[in-house]
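Inspection log for the structure reproduced underneath, given as structure tokens.
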Amino acid sequence: MFGSTHLLVGATVATYTGNYFFGGVAAFLSHLVVDVIPHYDFPPPNFNSPKPMILQMAGPILETLGGFILLYICFLLNPHLSGGLLILGGFLGLFLDLWHHFPYWREFTRKITPTFFKIHEDVQNEELLPHLAGRLMNLPVIIIAIWFLLSY
Ligand SMILES: [Zn+2]
């Protein structure tokens, strides 16, 4: 799923545990749960493509940035939210994609943690929906996460 989706779900899950340790663990695991939802991701980065890496990465970087902005707006709107839990949960919710899909260390992390890399690949549910519908699947998840953040 999108980086913004993982970020917001991780932050939400951590917030509802109200605890840094369990919040961190739950946010990390939430990544795998969110990836089980049928979706379509941006294609993995390709160093052999004539398209510069920064342009290949523009989509994921911009939508993740959008997720940060949404998270910050939630933080401003709801005084009950803990900034620390939002940052920790957001970061750990996003972590698996930074670890496994970021172009410059993708091959390295694939080699040093092959089992975990495979688990992350295996939970992906990308065949069920056409591309656009698969991308739109992020929207309801983002809306639900924001609803939970604002009603905490
Ligand atoms: Zn992922």
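The values are calculated or read from the model by the stated rules, or taken from the named source; none is laboratory data. This one's a predicted model, so the numbers in the text were calculated from it and none came from an experiment. Glycine gets a Cβ as well: all are built from the backbone with ideal geometry, and neighbour counts include every protein chain shown.
Summary of computed values
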| quantity | calculated |
| --- | --- |
| Qualifying residue in region 96-109 (condition: in contact (Cβ under 8 Å) with a residue 40 or more places away in the chain, more than 14 Å from the ligand (Cβ to nearest atom) and over 18 Å from Leu8 (Cα atoms)) | yes |
| Scope region 108-117; condition out of contact with any Ser or Thr (no Cβ under 9 Å at 6 or more places or on another chain) and under 15 Å from Pro44 (Cα atoms); matching residues | Phe108, Thr109, Arg110 |
| Helices (runs of 4 or more DSSP H) wholly inside region 1-77 that include at least 3 residues being hydrophobic (A, V, I, L, M, F, W, C) and crowded, with 16+ Cβ neighbours inside 10 Å | 3-17, 20-36, 58-77 |
| Of all residues making up region 90-105, the number that are at pLDDT below 85 and part of a helix (DSSP H, G or I) | 1 |
| Region 83-111, residues that are within 14 Å of Leu149 (Cβ to Cβ), touching a helix residue (DSSP H, G or I) at 6+ places or on another chain (Cβ under 7 Å) and surrounded by 13 or more Cβ atoms within 10 Å (Cβ to Cβ) | Leu85, Leu86, Gly89, Gly90, Gly93 |
| Count of residues meeting criterion [hydroxyl-bearing (Ser, Thr, Tyr) and in contact with a helix residue (DSSP H, G or I) (Cβ under 9 Å, 6 or more places away or on another chain)] in region 112-131 | 1 |
